[in-house]
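The values are calculated or read from the model by the stated rules, or taken from the named source; none is laboratory data. Source: prediction; values computed, not measured. Heads up, the Cβs are rebuilt from the backbone with ideal geometry, glycines too, and the neighbour counts pull from every protein chain shown.
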Amino acid sequence: MTVRRYEAGEVTVLWDSSRCVHFAACVRALPDVFDPRERPWVRPAGADTEELMAAIRRCPTGALRYERRDGEPEPAELEATIVPVPNGPLVVRGLLHVLTADGETVARETRLALCRCGGTGNAPFCDGTHHTNHFRSRVPAPSEARQRAASPDDVAAPQELDVPEGGAV
């Protein structure tokens, strides 16, 4: 994972290239600060601290983050939300803790984009592969078999899941 750091007065801007799928929310918010054609592409002196932090929080993947000099963490949404991007990832916001099946922490974040095309090389995060594998989302049709189901066995085979200590599913 490559994380680049861009120092500013009261904050340090962090950019994780492995998580960026270029939604360009940052560029639209502050084009004088975020210009992917320039090097360095982040120039945090181009905005005041509050504007900079607000623009970074618009990044849906969490590829852009910030660290405050006073140690105060980035605020998380009080309610977790999951939004499917048409033909793209699931954008998730909230106080998030992503674990492997073995209970190892993958990420503790406030924003991220999860792959739903199945092609990412950076699982569980989206890496933009949905563009190259031409993923198309669809609205599932109601399942008559599910509507007739009398027990979970009528829906699917049992799944194996070991819930980590203190975890919930």
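Scanning the range 24-48 for residues that are of a type outside the set (A, V, I, L, M, F, W, C) and either surrounded by fewer than 16 Cβ atoms within 10 Å (Cβ to Cβ) or assigned to a loop (DSSP other than H, G, I, E, B) (or both) yields 28, 31, 32, 35, 36, 37, 38, 39, 40, 43, 46, 48.
Residues checked against (1) in contact with an Asp or Glu (Cβ under 9 Å, 6 or more places away or on another chain); (2) within 26 Å of residue 90 (Cβ to Cβ):
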residue	(1), (2)
9	yes, no
12	yes, no
18	yes, yes
21	yes, yes
31	no, no
39	no, no
56	yes, yes
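Residues that are modelled with pLDDT under 95, surrounded by 16 or more Cβ atoms within 10 Å (Cβ to Cβ) and aromatic (Phe, Trp, Tyr) occur in the range 8-23; there is at least one. Residue check: is residue 103 under 16 Å from residue 25 (Cα atoms) and either surrounded by fewer than 16 Cβ atoms within 10 Å (Cβ to Cβ) or not hydrophobic (A, V, I, L, M, F, W, C) (or both)? Considered against the rule, which asks whether it is under 16 Å from residue 25 (Cα atoms) and either surrounded by fewer than 16 Cβ atoms within 10 Å (Cβ to Cβ) or not hydrophobic (A, V, I, L, M, F, W, C) (or both), residue 103 comes out as no. Take the residues in the range 125-150 that are in contact (Cβ under 8 Å) with a residue 24 or more places away in the chain and surrounded by 17 or more Cβ atoms within 10 Å (Cβ to Cβ), then tell me which one is nearest to residue 101 (Cα to Cα). Looking at residues that are in contact (Cβ under 8 Å) with a residue 24 or more places away in the chain and surrounded by 17 or more Cβ atoms within 10 Å (Cβ to Cβ), I get 125. If the condition is being of a type outside the set (A, V, I, L, M, F, W, C), over 17 Å from residue 123 (Cα atoms), assigned to a loop (DSSP other than H, G, I, E, B) and under 12 Å from the mean Cα position of the chain (by Cα), then the range 49-106 contributes only 58.
Checking the structure you have, find out if any residue of the range 90-99 is of a type in the set (Gly, Ala, Ser), modelled with pLDDT of 90 or more, out of contact with any Pro (no Cβ under 7 Å at 6 or more places or on another chain) and surrounded by 10 or more Cβ atoms within 10 Å (Cβ to Cβ). Among the residues of the range 90-99, at least one is of a type in the set (Gly, Ala, Ser), modelled with pLDDT of 90 or more, out of contact with any Pro (no Cβ under 7 Å at 6 or more places or on another chain) and surrounded by 10 or more Cβ atoms within 10 Å (Cβ to Cβ), which makes the answer yes. When residue 43 is tested against the conditions (1) under 17 Å from residue 109 (Cβ atoms); (2) not assigned by TED's automatic domain parsing to the domain that holds residue 119, the lone failure is (1). Taken over the range 77-89, residues that are at negative phi and surrounded by fewer than 16 Cβ atoms within 10 Å (Cβ to Cβ) amount to 9.
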